[in-house]
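S.K.: Have a look at this one before I ask anything.
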Amino acid sequence: MKQMLNASEVDPNKILPIKYEWARTHYKNGVNNNWVPEEIPMQQDIELWKKKDGLNEDEKRMIMWNLGFFSTAESLTANNIVLSIYRHLTNPESRQYLLRQAYEEAVHTETFIYCCDSLGLDPDEVYNMYVNIPSIKAKDDYVVDLTKSILDPNFTTVGIDNMQRFVYDLVGYYVIMEGIFFYAGFAMMLSLLRSNKMVGVGEQFQYILRDETVHLAFGSDLINTIVQENPEIWTDKFKAEVTDSIKKGVELEVMYAKDCLPRGIMGLNAEMIKEYMQYIGDRRLERIGLAKAYGSENPFPWMSEIVDLKKEKNFFETRVTEYKHRGELAWD
Ligand code: FE
Ligand code: MN
């Protein structure tokens, strides 16, 4: 019988009949969201970036910090999926999704190459920020630390301790990296877009946000399924450890936001981002069946509008339709 972990007697190539419909739904949502960064014109951004007094020092710092974090975080996520998660997750429906996600992470990595090229940024500066900027390094170190034990060639998911270790690390990749560490950056870059600045980069962040929403949904469903199939791992002690890890993620994200916005710009300040990150932290906890830790209100309701828009008629629809047409034409 198919099960998510330790199904050694199940053939990883036998995807049908499908047991985990949700994994297939996330795969299809990913495919329907197809995009590439080169479709988004950068001319306005290039002019604004290079114009004297086009952007103030604080705005430039905020943009650079976010490019610095995201440029390396995307390949870090891709490496985690391919090198550690894929090996242990032998379920074919999940592997099908992981292959799609790995491709999307490649598109995201490509996006930051495209931004650096168009804006004429110094690649050494951008790609060394994850080493040179302490608030970025702290986030990356936290996630890299989570790969260590499961990258051990002798690691298996057999036994309660190992399953807990694996779930703990999945929370690190999916809930913390993609569900928390990206969100202060999304709020900052999308609020810049709302004030009509750096609209090309902003639109690219919007597309990435839409993809990350699906990655997070897959990761949360995966965690919930493993827990459901192995309820013995979900002890009070383990739940407390997972909650602490998520709270540590929120803390690191708040420190990062303070560093990005030391003085506050565009009606955004680090205090509001703190509230936002606590609200996001609560939503992530609840999504995997844990109790809220903060009870903060959402100070940026427009962010949820952007996320929730994906299901309805929205700014992406034209592009998605175009893709479908292209697909149909290709078949003729
Ligand atoms: Fe990504
Ligand atoms: Mn992702």
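Values quoted throughout were computed directly from the atomic coordinates according to the rules given, and no laboratory measurement underlies them. This is a predicted model, so every value here is computed, not measured. Note that we place each Cβ from the backbone using ideal geometry, even for glycine, and neighbour counts take in every protein chain shown.
S.K.: Rounded, prolate or oblate: which fits the stretch 149-195, taking a ≥ b ≥ c as square roots of the Cα gyration tensor eigenvalues, rounded meaning a/c under 1.5, else prolate when a/b beats b/c?
M.R.: Cα axes put the stretch 149-195 in the prolate bin.
S.K.: Can you tell me how much longer the chain between ASN196 and ASP122 gets when fully stretched, taken as 0.36 nm per residue apart minus their C-alpha distance, in nm with one decimal?
M.R.: Length gained, ASN196 through ASP122: 24.2 nm.
S.K.: Going Cα to Cα from LYS247, which lysines come in below 25 Å? Please leave out same-chain ones fewer than 8 positions away.
M.R.: Those lysines meeting the cut-off are LYS137, LYS139, LYS148, LYS237, LYS239, LYS258, LYS274, LYS292.
S.K.: Against the longest alpha carbon principal axis of the chain, how many degrees, from 0 to 90 and to the nearest 10, is the axis of helix 199-229 turned?
M.R.: With both axes taken from Cα atoms, the answer is about 20 degrees.
S.K.: What shape does the stretch 41-317 take by its C-alpha gyration tensor, where a ≥ b ≥ c are the square roots of the eigenvalues and a/c under 1.5 counts as rounded, a/b above b/c as prolate, and the rest as oblate?
M.R.: prolate
S.K.: Moving on to the next point. Place a +1 charge on the Cβ of each Lys and Arg in the chain and a -1 charge on the Cβ of each Asp and Glu, then give the dipole magnitude about the Cα centre in debye, rounded to the nearest 20.
M.R.: 440 debye
S.K.: Which of ILE280, ILE81, ILE46 moves most in a GNM of the chain, Cα contacts under 10 Å?
M.R.: Largest GNM mean-square fluctuation: ILE46.
S.K.: Another question, if that's okay. Go ahead and run the numbers for FRET between ALA240 and LEU83, Cβ-Cβ distance against an R0 of 35 Å, rounding to 0.05.
M.R.: For ALA240 and LEU83, the calculated efficiency is 0.75.
S.K.: Per the helix-only calculation at 222 nm, which mean residue ellipticity applies to the chain, given -39500 (n - 2.57) for every DSSP H run of n ≥ 4 and division by its residues, nearest 500 deg cm²/dmol?
M.R.: -22000 deg cm²/dmol
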